[in-house]
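Trainee: I'd like to ask you about the structure that follows.
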Amino acid sequence: MTELFMLIAAKYNYWLYIILMMIGLYAMIAKNNLMKKLVGMNIFQTAIILFYVSIGFKHNATIPIIMGDHGHGGHGAAIHAADYINPVPHVLMLTAIVVSVATFGVAMALCVRVYQRYHTLEEDELRMRLSEK
Amino acid sequence: MIHYPAVVVIASLLGAFIAGILAWVQERYTYPAALIATGISCAAAVWDLIYVAGHGPIAYHMAGWAPPMGIEYRIDTLNAMVLVLITAIAFLNLAASWPNVKQEMPDRSPSFYVMYLLFVVGLTGVASTGDLFNLYVLIEITSLSSYTMIALGDRDRGPISALNYVFVGVIGASFYLLGVGYIYIKTGTLNMAEFAAMIPNIQDSTTILTAFILCIVGVFIKMALFPLHVWLPNAYSYAPVGFARIVAPLMTKVMVYVMVRLMITVFGLDYIFIKLHIADTIVWLGTIAILAGGVMALAQTNLKKMLAYIIVCEIGYMVGGAWLGNDSGITGAVLHILNDGIMTFALFLAVGNMVYKLDRVEIKDLKGLFAGMPWTMTGFVLAAFSIVGVPPTCGFFSKWYLILGAFEAGAWHFAAALLISSLICAVLFFKVFEVCFFESPDTHDGPGSDAHGHHTTVAIQEAPAISLAVLGIAGISLIVVGLYSKTIVVRLIWPLLNP
């Protein structure tokens with residue numbers, strides 16, 4: 001049992017992102033209100049962003065800005081990659097955040113459209129209204 | 001350095017900006033700007049294809065950054081073919097759909113053209129990039145622009161179907177993104193070629209297995225493989241005609257291209273067919289998709305919905321064919337990307353012409369259409385024959401390779417499904433032909449009166465000339481691509497499989 005806890009504790013970032021992702025997925029599937037579904041969608045995407053950000057982390061490392069002697073003056077001095085966290089996943093996530101914000105914006109605009117047309121965002125009511133036609 | 005691979009994508013991107021500005025300044029110049037932009041893209045794509053067929057793959061470094069750091073566009077014969085398909089359909093459709101756009105959204109046509117160009121940017125980018133993360137971003141550009149355009153369609157149901165598409169599409173893209181994350185953890189690279197060189201040494205890794213499954217499931221959701229298809233029929237049938245004509249032939253086909261690219265270039269056929277034992281399962285999934293798509297298409301009373309379910313069925317062809325695990329199967333699947341693109345385009349062109357004149361396309365409303373719209377119906381019949389698989393049209397040849405592949409692999413269920421679906425398609429289309437040809441329009445009450453002569457109230461007339469001309473080009477290319485399919489297979493597809 002302790003081994004299991006150790007395993008979970010050692011890789012807690014993965015467990016965290018999976019739990020968050022499943023919360024988001026649950027909201028997208030089970031919630032009746034379109035706005036709540038959208039929030040679920042955002043949680044789902046944020047979980048993946050969290051996962052990416054966490055994989056760039058290293059123990060005893062700092063932000064990836066070259067320090068002191070290694071700067072412009074210190075040509076030829078060795079730079080240890082282990083001293084700096086990996087910036088690539090973070091940079092990738094900047095793009096992914098833009099994508100998720102854009103998706104959220106488009107989806108909200110669509111919600112506004114639906115609301116203007118039917119005066120409701122509850123999915124069962126919408127389904128009822130659509131089947132009447 | 002050759003800059004054509006970048007021109008294909010950038011021409012449409014710049015076109016979108018320019019068209020967006022023109023929409024503020026002088027609205028009527030938006031359309032010519034869009035037409036010119038897609039035309040330049042198309043010319044560059046054709047040039048790519050000619051170059052690649054003669055000289056081998058192009059590796060284009062975006063902005064001069066070398067691959068592991070920068071983004072690489074890698075054009076081989078497969079991309080080049082798909083790029084020509086995308087840009088040619090984008091250009092022709094823009095020409096054909098001008099009357100439809102003017103009719104359906106007179107007030108919002110400039111925004112439609114801008115989103116249309118962004119959609120083309122996404123598709124061409126997906127088809128040319130050699131970077132796994134860049135692929136995700138471009139898939140999302142494609143999806144975002146298609147959400148907005150679907151919402152521009154049917155006023156009652158358009159926004160709702162677009163929202164459902166958003167939810168499913170986000171899940172698909174996120175799964176793919178997660179898969180790319182696992183690839184990055186294991187290898188530290190996002191470049192397809194660099195990853196492919198590493199894969200022989202890390203075949204046993206469960207991380208790679210997880211990455212592969214996540215990527216493939218994401219792509220399956222995006223391409224609407226059968227149990228994951230629910231978003232597609234509504235989204236495609238409530239979209240405006242000008243957009244349905246491009247999204248139906250291209251979106252799913254480009255996602256099939258992504259799947260083939262992941263299989264051939266990224267993970268490699270050795271890893272997929274020798275190391276993993278999931279090919280049989282996926283061929284079964286393809287079989288089920290073919291049968292389910294066909295049966296659901298039979299149940300439809302609306303022509304657009306029927307065609308949407310036929311797309312679900314065709315996806316089964318390509319997925320099953322690609323996973324058969326022999327050269328004939330993959331050849332058939334890749335050839336079917338091209339052929340199905342053209343067939344679906346021709347079908348939706350014809351349907352768009354009907355919508356232009358009739359407004360709604362319930363099958364029972366199509367009475368007497370052969371007399372009213374002879375040219376549109378000729379194109380429709382030709383495309384329908386191609387879907388069924390009648391020999392001189394291109395649909396026959398890809399189906400032939402698929403069936404050969406199924407026999408070689410001993411996948412009898414898949415071969416049977418292919419034949420049954422041909423039968424189902426024949427039934428479907430003859431059901432439509434019967435209504436269009438034999439039943440006279442409702443304008444007459446008496447059973448004895450014949451179709452021509454007495455069009456008193458609503459006479460159905462032929463669609464605008466430009467739409468018909470494009471339909472003619474699509475119809476002719478159905479036959480030309482069919483006749484030259486041997487050349488296409490030998491020059492473009494086999495070099496890919498046996499480099």
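Trainee: Could you check the simple spin-label distance between B:R155 and A:K36, using points 7 Å along Cα→Cβ, in nm with one decimal?
Mentor: Simple spin-label model gives 3.2 nm for this pair.
Trainee: With a Förster radius of 56 Å, plug the Cβ-Cβ distance of B:L14 and A:L4 into 1/(1 + (r/R0)^6) and report the FRET value to the nearest 0.05.
Mentor: Calculated value: 0.50.
Trainee: How high is the FRET efficiency between B:Q461 and B:R491 when r is their beta carbon distance and R₀ equals 35 Å, given to the nearest 0.05?
Mentor: 0.20
Trainee: If you rank B:R245, A:R113, B:R360 by how much accessible surface each has, with a 1.4 Å probe, what is the order from largest down?
Mentor: Result, largest first: B:R360, A:R113, B:R245.
Trainee: Kindly provide the pair-distance distribution of chain B built from C-alpha pairs, with 20 Å bins from 0 and whole-percent values in order of increasing distance.
Mentor: Result returned by the calculation: 24, 58, 16, 1.
Trainee: Hey, what do the phi angles of the range B:280-295 turn into as Karplus ³J(HN,Hα) couplings, whole Hz, using 6.51/-1.76/1.60 and θ = phi - 60°, x for Gly and Pro?
Mentor: 4, 4, 6, 4, 4, 4, x, 4, 5, 4, 4, 5, 5, x, x, 5
Trainee: Another question, if that's okay. So if each residue of separation counts as 0.36 nm, and I subtract the Cα-Cα distance between B:D107 and B:W65, what length gain in nm does that give?
Mentor: The span from B:D107 to B:W65 would gain 10.8 nm if fully extended.
Trainee: What whole number of Å gives the distance from the Cα centroid of the range B:214-239 to the Cα centroid of the range B:288-356?
Mentor: With the range B:288-356 and the range B:214-239 each reduced to a Cα centre, they are spaced 13 Å.
Trainee: Convert each backbone phi in the range B:197-202 into a coupling constant with the Karplus relation 6.51 cos²θ - 1.76 cosθ + 1.60 (shift: θ = phi - 60°), then list the ³J(HN,Hα) values in order as whole Hz, x for Gly and Pro.
Mentor: Along the range B:197-202, the couplings run 5, 7, 5, x, 7, 10 Hz.
Trainee: If you don't mind, another one. Which peptide among B:99-106, A:46-53, B:318-325, B:12-19 comes first, and what is the full order, when sorted by highest mean count of other Cβ atoms within 10 Å?
Mentor: B:318-325, B:12-19, A:46-53, B:99-106
Trainee: Once R0 is set to 41 Å, what does the formula 1/(1 + (r/R0)^6) return for the Cβ-Cβ distance between B:I21 and A:I79, expressed as a FRET efficiency to the nearest 0.05?
Mentor: Rounded to the nearest 0.05, the efficiency is 0.35.
Trainee: For the range B:197-344, what number of Lys pairs, 8 or more residues apart or on separate chains, have alpha-carbon atoms under 22 Å from each other?
Mentor: Working: B:K222/B:K253; B:K222/B:K304; B:K222/B:K305; B:K253/B:K304; B:K253/B:K305.
Total qualifying Lys-Lys pairs in the range B:197-344 comes to 5.
Trainee: Also, I was wondering about something else. I'd like the mean, over residues of B:160-166, of how many other protein chain beta carbons sit within 10 Å of each residue's own Cβ.
Mentor: Taking all residues of B:160-166 together, the mean is 6.
Trainee: If you don't mind, there's one more thing I want to ask. In terms of Cα to Cα distance under 17 Å, which aspartates and glutamates are near enough to B:K364, apart from those fewer than 8 places away along the same chain?
Mentor: Cα-Cα hits under 17 Å: B:E434, B:E439, B:D442, B:D445.
Trainee: Within 10 Å of each Cβ in peptide A:44-55, how many partner chain Cβ atoms are there on average? Round it to a whole number, please.
Mentor: Other-chain Cβ atoms within 10 Å of each residue's Cβ, averaged: 3.
Trainee: Accessible area per residue, 1.4 Å probe, Å², for chain B: what's the number?
Mentor: Normalised by residue count, the accessible surface of chain B is 36 Å².
Trainee: Hey, any idea what Rg/Rh is for the range B:253-309, computing Rh the Kirkwood way over Cα pairs?
Mentor: When Rh is taken as the Kirkwood radius, the ratio is 1.15.
Trainee: Which log10 I(q)/I(0) values does the protein assembly as shown give at q = 0.05, 0.08, 0.09 Å⁻¹ under the Debye formula, counting every alpha carbon as one identical point scatterer?
Mentor: Treating every Cα as an identical point scatterer, log10 I(q)/I(0) equals -0.23, -0.59, -0.74.
Trainee: Now, a different point. Let's test this: bin the Cα-Cα distances of the range B:256-383 at 10 Å from zero up to the farthest pair and state each bin's percent.
Mentor: Using 10 Å bins, I get a P(r) of 12, 35, 26, 17, 8, 1 for the range B:256-383.
Trainee: Using a 1.4 Å probe on the protein heavy atoms only, what accessible surface does A:K31 show? Give it in Å² to the nearest 10.
Mentor: That residue has around 80 Å² of solvent-accessible surface.
Trainee: Given the rule -39500 (n - 2.57) for each run of at least 4 DSSP H residues, summed and divided by the residues of the protein assembly as shown, what is its mean residue ellipticity at 222 nm, to the nearest 500 deg cm²/dmol?
Mentor: -24000 deg cm²/dmol
Trainee: Just by accessible area at a 1.4 angstrom probe, what is the order of A:T120, B:T378 from largest to smallest?
Mentor: Working: A:T120 10, B:T378 80 Å².
If we order A:T120, B:T378 from most to least accessible, we get B:T378, A:T120.
The values are calculated or read from the model by the stated rules, or taken from the named source; none is laboratory data. If you're wondering where the values come from, they're calculated on a predicted model, not measured in any experiment. For neighbour counting, all protein chains shown are included, and Cβ atoms are generated from backbone atoms with ideal geometry for every residue, glycine included. SASA here: full protein model, heavy atoms, side chains in, ligands and nucleic acids out. Shrake-Rupley method; radii C 1.70, N 1.55, O 1.52, S 1.80 Å.
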